[in-house]
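The values are calculated or read from the model by the stated rules, or taken from the named source; none is laboratory data. This is a predicted model, so every value here is computed, not measured. Don't worry about glycine lacking a Cβ; one is built from the backbone with ideal geometry, like all the others, and counts go over all protein chains shown. SASA here: full protein model, heavy atoms, side chains in, ligands and nucleic acids out. Shrake-Rupley method; radii C 1.70, N 1.55, O 1.52, S 1.80 Å.
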Amino acid sequence: MSIETNQTNDQQLENIQEQRGPQQQATFAIEGMTCASCSMRVEKGLKKVPGVIDAQVNLATEKALVTYDPTHTGMEQMVQKVEAVGYKALPIIAPVPTPVAVEPLDEAKMVLANLPSPAVSQEDEQRERKANTLERKRRLLILGVVLSLPVVILSMFFMDRFAGENILLLILTTPIWALVGWEFHRGAINTLRHGSANMDTLVSLGSTASYLLSVVATFFPHLVGGVTFYDTTALIVTLIFLGKYLEARAKGQTNAAIQKLIGLQARTAHVIRNGSEIELPIEQVQFGWELVVRPGEKIPVDGEVISGRSSVDESMITGESLPVEKAQGDAVVGATINQRGLLQMRATKVGADTVLAHIVRLVEQAQGSKAPIQRLADSISSVFVPVVLVIAALTFIAWAIIGHTIGIPVIGAGMNAGSTNAWITAIVAAVAVLVVACPCALGLATPTAIMVGTGKGAEQGILIKGGESLERIHAVRAVLLDKTGTITRGKPEVTDVLVLPDYQEHTIMRLAAIAEQGSEHPLAAAIVEGAKARGLTLTTYPEHFTALAGRGLEATVEGQTLLIGTRGLLRDHAIETDALEEQLTTLEAQGKTAMLIALDGKLAGVIAVADTVKDGSLEAIKQLHAQGLTVWMLTGDNRRTALAIADQVGIAPEHVLAEVLPEDKANQVKRLQEQGLVVAFAGDGINDAPALVQADAGIAMGTGTDVAMEASDITLVKGNLQSIATALTLSRATLRTIKQNLFWAFAYNVILVPTAILSPLIPFLKEQAPIFAAAAMALSSVTVVSNSLRLRRFGRSRRG
C-alpha cells in the first residue's frame, strides 16, 4: 500500500515558512545588564521598535532574540534602541555558507590552506570577553577582601582605641567604595541618565549613604555624632560584589553544554584536489568537495561516502554507544569519529548547515527562550526597583518620625543627642532595605534552569525547542505514538508473496515493484527492494500512477491496470477478496501489513510486508506507563495488524487507533484532547506534521523528516522511544527546579524586606542590618544559580 504526498519535503518547509510571513530573527549580545529589571527594560524597548514582532531578553545568557519584519526595521534600529535605554547591543551574525560549484584549487588557495584561519568567530570573541571580565572581577574582589578585613577588625575590636582610627578606616574603605563599587555606581549613573533604576541603583545608594554618613561623622562629629559605618560600606560592596562574581562563574557553567557541543567540531579537513591531498581549516571546506577521513579522525562536515568502508562512532550526536557501519552511498555526520577504515566522502552540508551546527543553534534558541511560568516574575521585576526605592524612603521617614516623637535611641546610644540617633537609625534601616532587596534572583530563576535543562537534553540526544515546550511537556498525561518509524523501525521488508493459480509470483512482484517505483513510502520501498533481492529487473516506470491516501494506489504498468491496497480499495472497484481472506487474516494476525494485488479488474494475489519493532520500544513504553502516562498507538494498518504490534510492546487494545488516514491524524489527537487529556504526539513522517502541531507537545523522531522536526517541540536525535521517557523526566525535573527557584526568589524578598524595615527593633541587627542585608543579597542569586546547576547531574545513572 503506497501513500504518496503531493509535496516534497522542501515544499512543506517553504509552506511553513510562508505561513509565518516575511519574518527574520536576529540575536544580540547585550552588555550592561545586572538584574531582571535591566532585561525587562531592554525587552520592552525592543518591542517598541516598529517592525519588531517579538523580543526575548535572557539575563542568564545576556542575549536578546528578536523576531522582526525586515521590510519595516533592521538591526541598526534595534541597536540604537538598546543604546537609548542605557545598554549596549552587539549583533551576533551566524555565517551562512553559499554552495558553490566544485573548482580546482589554485596556488593561492594552496598557500592559504597552510595558514591558520584568520578569522575568530563572534562566539570565540564573546567567550574571550567574558573570560577577561571575570578575571577583572576576580582581581577587584581580591582587592575588596584584602581591604575589608582590616576595616572589619578595626571596627569590631579596636573602636575608639587610638587617635586617627577613623582616618585610617576612611583610607582603607575609599578604594573599596570607589574602585570595587564603581561597577554599581556606573550602572546607577547610566540608568539615572535614562530616567530609570535597577539593582545597581539600590547597591550604589545604600553603600554611598553609609560611606558619606561615615565621612561626615569623621570630620564633623558634632553634626551626626561620632559613630561611623565604614565596615558597613566595605562589606556591602565586597559581599555583593562577591555574589556577582560567583553568579558570573556559575552562569558560565550553565552554558557548558553549548561549549561541549561546539568543541566536538573538527578543526581541519583533508581535501583532495587535482589528485593531491591538502589540509584546510574546517571553515574553508565547501559544498561538493571530496575529503579523506583516516581511522581515528573526526569526520569534518556532513557528507556522503563515495568509497571505503568503516564503522563510525556517532555517540556524540545520537548518544548511541554502538558504532554504525558505513559504506558507499551512506550519509555521515560531521564531528562523529571514523574508527577503523579509510573513508573518502563528498561534502553535502558545511558551515551553518551541518547537523552539529543545527543542534547548537536549536540549543542556543532554547536557552534564550522564556517559559510562561516566568511571566509573573517579569511583571514584578518591571516595577521592583521603583517600589523598593519608595519602601526605603518610607522606612527612612517612618523611623525618623518614630525617633523624634517617641524618642527611642536605637543606634549610637553613647551619643548625647537623641534626635541625632533617630536620623542615623532611619538611615541605617533605609540602607538595609535598599541593599537586601534582590531583583537578580527573580531574573535568574527561570533562564538558568532552562539553560542547564536544555543543554543536558542536548547531551543525551534530546533537542528541546525552549521554555514553553518544557512547560507543555511537563503537563502531558497521554502519549500518542505513530507506529511506523516510531514504535517500529520504519524499514519494512517483504515477507510473503501469495498468488492465485492463474498468476506467477515473479510476475506479480515485478509489476507491483514497477508501480511502486518513485514512491517515498516505506512500504513502497520495501516492495521495490524485495523485487531487486529476487533478481527482478525494473527497467520501466508506470505509464499512469494515482496515489489513494490511506488506501493504496492505481497504476498502469505495461498496458495492464494494477491496483495495490486494502480490501476497501478492491471492493470499491467491485473486486471480491474472499479467495484470499483466510491468508489475509493469518498474515495480519502475525503483525504483517498485507496488500492485495488486482490485475485488470481481477484479484491476483497478496504481498505481505513486516516492519519489526525497534529495540527498546517495549522497555520505553513500560517506562511511560510507570510515569502514570496513558500510551496510545496510531496507524494506517488494519486493526488486526495493529493489535499484533500493540501486543508486542504492551499497549492495551482499547488504546489502539487503526486504519487512520494520514490527513486524519491531527483529528485523532484533537479527539483525545476533547476527552480532557494533555496529549504528546510522536511521529517522523511528513504527514505527521499537522498532528505534531495539533498536539500539546509534538515529539519528532530524529530519523524522520525536516518537516516533522520543524513542527515539533522536541526532536529525538536517536529516534529512540526510550528518549521520550527521558525527555518527560528531564522536563519535569527542569520545571521543578524553576518552581524551586521562583519560590526562593519570592520568599527571600517577602521575608527579608520586612525584616530590614524592622531591623532597628531586632537586637542582633541594629547597626549591622546593612551588612547582613548585603550577605543575604549576595547569597540569593548564587543560591538560585547553584540550584539550577544541580540539573547537570541528571541522567548520570540513566541511559536514555
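Here are some notes:
- Seen from Pro492, the other residues with C-beta closer than 10 Å to its C-beta sum to a net charge of 0, counting Lys and Arg as +1 and Asp and Glu as -1.
- Neighbour net charge for Thr586 - beta-carbon separation under 11 angstrom, K R +1, D E -1: -2
- Relative packing of peptides 785-793, 495-503 - highest average C-beta neighbours within 10 Å first: 785-793, 495-503
- When the listed pairs Lys81/Lys298; Lys456/Lys483; Lys47/Lys130; Lys63/Lys483 are checked against a 32 Å cut-off, the alpha-carbon distance exceeds it for Lys81/Lys298; Lys63/Lys483.
- Kirkwood hydrodynamic radius (C-alpha pairs) into Stokes-Einstein, segment 583-643, 4 °C and 1.567 mPa s, D in µm²/s: 94
- Highest-first arrangement of 285-293, 421-429, where packing means the average Cβ count within 10 Å: 421-429, 285-293
- Total formal charge among the other residues, if their Cβ is under 11 angstrom from that of Pro542, Lys/Arg +1 and Asp/Glu -1: -4
- For segment 467-605, the relative contact order works out to 19 percent when only alpha carbon pairs closer than 8 Å and six or more residues apart are counted.
- For the peptides 602-615, 195-208, 557-570, 57-70, the ranking by packing is 195-208, 57-70, 602-615, 557-570, with the highest mean count of neighbouring Cβ atoms within 10 Å listed first.
- Accessible carbon and sulfur surface of segment 483-555 relative to its total accessible area, %, 1.4 Å: 48
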